[in-house]
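The values are calculated or read from the model by the stated rules, or taken from the named source; none is laboratory data. Remember, it's a predicted structure, so these values are computed and weren't measured experimentally. Cβ placement follows ideal geometry from the backbone for every residue including glycine, while neighbour counts extend to all protein chains displayed.
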Amino acid sequence: MVMTAFEWAAAGLILFGMVLPFWIMVIVTVSFVRQANAKAKQELARRSSAHDYAKLTTEFGKFVSSGQRFNGPGAVAYVRELKSFPEYRDTTLLLLEEFNVSGTGKFDQVFRNELKEVEIYLLGLDND
């Protein structure tokens, strides 16, 4: 069976006029949707990070200001957790400067060392 010029033209128009543009649009749409999803995930992670940081600093403030006996392991845990928020390093450094550890116990020494380590870690980060 031999195809005529009209049949070749019709097949070409169908292929290049409908099929290829359809698949090109599918590929372009999928790429745009993936980019939009990636941006949405980044924004959600940023918002979640800000909420978690605010919650951590609030709880840490309550923990420190409570009139209870010094809880060394708890304080060390809070300070170590501050390392996971490098995007808020300026406020974290200001917060850590407020602490003056005057005790001589084991946990006081561990807390003092942890404060220094977190400060050194945050000061060593590049500016974003």
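Results, tabulated for the structure shown:
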{"quantity": "Selection count, the stretch 75-108, where residues are farther than 16 Å from Val64 by Cα and over 24 Å from the mean Cα position of the chain (by Cα)", "calculated": "3"}
{"quantity": "Residue match in the stretch 34-56 (condition: polar (S, T, N, Q) and more than 29 Å from the chain's Cα centre (by Cα))", "calculated": "no"}
{"quantity": "Candidate set from the stretch 46-72 (those that are within 18 Å of Lys106 (Cα to Cα) and surrounded by 10 or more Cβ atoms within 10 Å (Cβ to Cβ)); member that is modelled with the highest pLDDT", "calculated": "Gly72"}
{"quantity": "Close pairs (8 angstrom Cβ cut-off, 6 or more residues apart or separate chains): within 12 Å of Leu95 (Cβ to Cβ) in the stretch 45-57, in a helix (DSSP H, G or I) and of a type in the set (Phe, Trp, Tyr) anywhere", "calculated": "Tyr53/Tyr88; Leu56/Tyr78"}
{"quantity": "Among (1) more than 30 Å from Leu125 (Cβ to Cβ); (2) surrounded by 10 or more Cβ atoms within 10 Å (Cβ to Cβ); (3) at pLDDT 85 or above - the single one Ala5 does not satisfy", "calculated": "(2)"}
{"quantity": "Selection count where residues are polar (S, T, N, Q) and part of a helix (DSSP H, G or I), scope the stretch 64-75", "calculated": "1"}
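To keep it simple, each residue is scored yes or no on (1) outside any helix (DSSP H, G or I); (2) not charged (D, E, K, R).
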{"position": "Ala50", "(1), (2)": "no, yes"}
{"position": "Lys62", "(1), (2)": "no, no"}
{"position": "Ala77", "(1), (2)": "no, yes"}
{"position": "Glu81", "(1), (2)": "no, no"}
{"position": "Arg89", "(1), (2)": "no, no"}
{"position": "Phe99", "(1), (2)": "yes, yes"}
